[in-house]
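Student: Take this structure first; my questions come after.
No value in this document is a laboratory result; all are computed from the given coordinates. Every value quoted in this text rests on a predicted model; they were computed, and no experiment measured them. Glycine also receives a Cβ, built like all others from the backbone with ideal geometry; neighbour counts cover every protein chain displayed.
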Amino acid sequence: MLVEDRVEIEEALARLVTVVERSPADETEIVWTESRGEWVEVGDGGGDGRGRAGRHSVEVRVWERGRRGFHRTGARTVGELENAVRLALGQARLEAPGPGLPLAPPGSPDEPEWELYDPEVAGLEPAAATGLLASGREEGERLRLDWWEQRLAVANSRGLARAERTTGVTLGAEHGQGPGRGTAAGSARTLAGLAAPAILGRARERAGAAGAAADATSAAGAAPSGGVPVVLAPEAAAALVELFGRLALAARTFREGTSFLAGSIGRRVLDPALGLRDDGTDPAGLPFPIDHSGHRKRRIELVADGVPRTPAADPELAERLGVRPTPHATGIDDHRPLHLFLAPGSATPDDLLAAGEGGLWISGLTGAHRTEPVHGRFRAVARGVRRIASGRLAEPVPDLVWNGALEPFLARVAALGAAPLAVASPGAWGATSAPALAFPAAGDLAPAP
């Protein structure tokens, strides 16, 4: 799988330790990350496809004579890494005095009780992946399998030296074509844990007769004018929660003043039904034991009963907010939660449809991104949309562009489902787990171009 000049992670760690030991800086930290992934797509509605991507990065941080220096590089050899340390030292001379590096202690790492690495995923080839999809596909379905391997090594001048490798896989399914097609997705660290039959079953159930019809487009209902109730399937709810974590709970958004939660820590500004935690040790998501600085991950309550408790916080931000630093380092310049779990409620599927009566069911959200920082405004494409009428899923609606704002949206929740589902987050180091969510009003919905 992927990436040229592959270096085994144990050898990479040995090189980092060598360079740290030789570093003239008062404090040194070096982080080596690699991500390699592939995907295949098969089925009706278009040509089959496949792709691959890879990324390698090394980040060096030093503290010398009271000043910090940073350097990011694609270095691999000991000589190149030592040069990166020298460049970081050069940058430190230009910086104002500041605190030392928040280095993780060495300690003896506990062996995770959950599976991080699946050799079957790491060795999966496109032809074999295509065969797996074809074996479970029904007529009228389009399936996509994404799989990846990631490696992290970190060493610092306090004696920490740790390497981890992990795999992951996501199955996305569409049953039917055109508006109202049934969509579903799910992720796991291993092929055995993927629960592919359940993912396919959800897509088929959500499509119904309307989504399977070849001429569904002509029968599709018109897009609503907006302001109607909306029920998000767990996959769509997970995408919204991941966006919330990225726009409102990352350390950078607090430092830059773009988080709509800035100034609201400890005050109830969200619906009391909402509870959100980050937990890289929970096997129900895509667990990973350490952050990108080597700090052990633990359960962090981010929101409790609608009250924001803490963002992802580096030591400087934590001191400013009066909270405890969190193990959320994702690189030199940011801390971000990567293992989000929205606490489930008790609403049954019938309860959710009743809460969304007269509105819309949305199976998935794609392309969710910020449009402006005020109130967490965002835009996403809603797919697999059906009307809700008389307590059931009714006629399909074409894909919709959804322009909304997280702040008022998350302040009012109509119902929380009881069955969470985990879907890999962008970057795939973790996943977001969420149940179905019902809201009393969707905001601005318009037909997708």
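Student: Each residue of region 159-167 in order: what ³J(HN,Hα) in whole Hz does its phi give by Karplus 6.51 cos²θ - 1.76 cosθ + 1.60, θ = phi - 60°, with x for Gly and Pro?
Tutor: Values, residue by residue: x, 5, 8, 9, 10, 9, 9, 8, 10 Hz.
Student: Using log10 I(q)/I(0) by the Debye sum over Cα atoms at q = 0.06, 0.07, 0.09, 0.10 Å⁻¹ as the read-out, say which of [x] -0.23, -0.31, -0.54, -0.68; [y] -0.28, -0.38, -0.62, -0.75; [z] -0.31, -0.43, -0.70, -0.86 was calculated from these coordinates.
Tutor: Checked against the structure: label [y].
Student: Using θ = phi - 60° and the Karplus form 6.51 cos²θ - 1.76 cosθ + 1.60, what ³J(HN,Hα) does each residue of region 396-408 get, whole Hz, x for Gly and Pro?
Tutor: Along region 396-408, the couplings run x, 10, x, 3, 10, 8, 10, 9, x, 9, 5, 4, x Hz.
Student: Listed highest first by mean packing, meaning other Cβ atoms within 10 Å per residue, what order do 365-376, 6-17 come in? Spell out each step's value before the answer.
Tutor: Numbers: 365-376: 15.0, 6-17: 17.9.
Those peptides, ordered most packed to least, come out 6-17, 365-376.
Student: Per residue of region 425-436, what does 6.51 cos²θ - 1.76 cosθ + 1.60 with θ = phi - 60° give for ³J(HN,Hα)? Whole Hz please, x for Gly and Pro, Karplus curve as stated.
Tutor: Karplus-based 3J(HN,Hα) across region 425-436 equals 8, x, x, 6, 6, x, 9, 10, 10, 8, x, 5 Hz.
Student: With charges set only on the Cβ (+1 for Lys and Arg, -1 for Asp and Glu), what does the dipole of the chain come to about its Cα centre, in debye to the nearest 20? Spell out each step's value before the answer.
Tutor: Working: 49 positive and 58 negative charges, 221 e Å.
Dipole magnitude for the chain comes out near 1060 debye.
Student: Here is a follow-up. Charges on Cβ only, +1 for Lys and Arg, -1 for Asp and Glu, centred on the Cα centroid of region 9-218; of His175, Trp114, Val154, which one is farthest towards the dipole's positive end?
Tutor: Val154
Student: If each residue's Cβ is checked for other Cβ atoms within 10 Å, how do Ser293, Ser363 rank with the fewest at the top? Spell out each step's value before the answer.
Tutor: Details: Ser293 24, Ser363 28.
The most exposed by this proxy come first: Ser293, Ser363.
Student: While we're on this one: With +1 on the Cβ of every Lys and Arg and -1 on the Cβ of every Asp and Glu, and nothing else charged, how large is the dipole of region 350-449 about its Cα centre, in debye rounded to the nearest 20? Please report the intermediate quantities before stating the final value.
Tutor: On the way: 8 positive and 8 negative charges, 34 e Å.
Rounded to the nearest 20 debye, it is 160 debye.
Student: Which residue, Gln150, Gln91, Gln177, has the most motion in a Gaussian network model of the chain that connects Cα atoms within less than 10 Å?
Tutor: Maximum fluctuation in the GNM of the chain, among the listed residues, is at Gln91.
Student: Still on this structure, I have one more. Long-range amide H contacts for Ala75: which residues qualify at under 5 Å (H placed 1.01 Å from N, peptide plane, sequence gap of 5 or more or a different chain)?
Tutor: Here Val58 satisfy the definition.
Student: Using a 10 Å cut-off on Cβ atoms, rank the peptides 295-303, 261-269 from the highest mean neighbour count down.
Tutor: Working: 295-303: 18.3, 261-269: 15.6.
Result, highest mean first: 295-303, 261-269.
Student: In whole percent, what relative contact order does region 221-447 give with Cα contacts below 8 Å and a gap of six or more residues?
Tutor: Numbers: 622 pairs, mean separation 71.5, N = 227.
Contact order relative to length: 32 percent.
Student: Defining a contact as two alpha carbons under 8 Å apart and six or more residues distant in sequence, what relative contact order in percent does the chain show? Spell out each step's value before the answer.
Tutor: Values: 1206 pairs, mean separation 70.4, N = 449.
Relative contact order, the chain: 16 percent.
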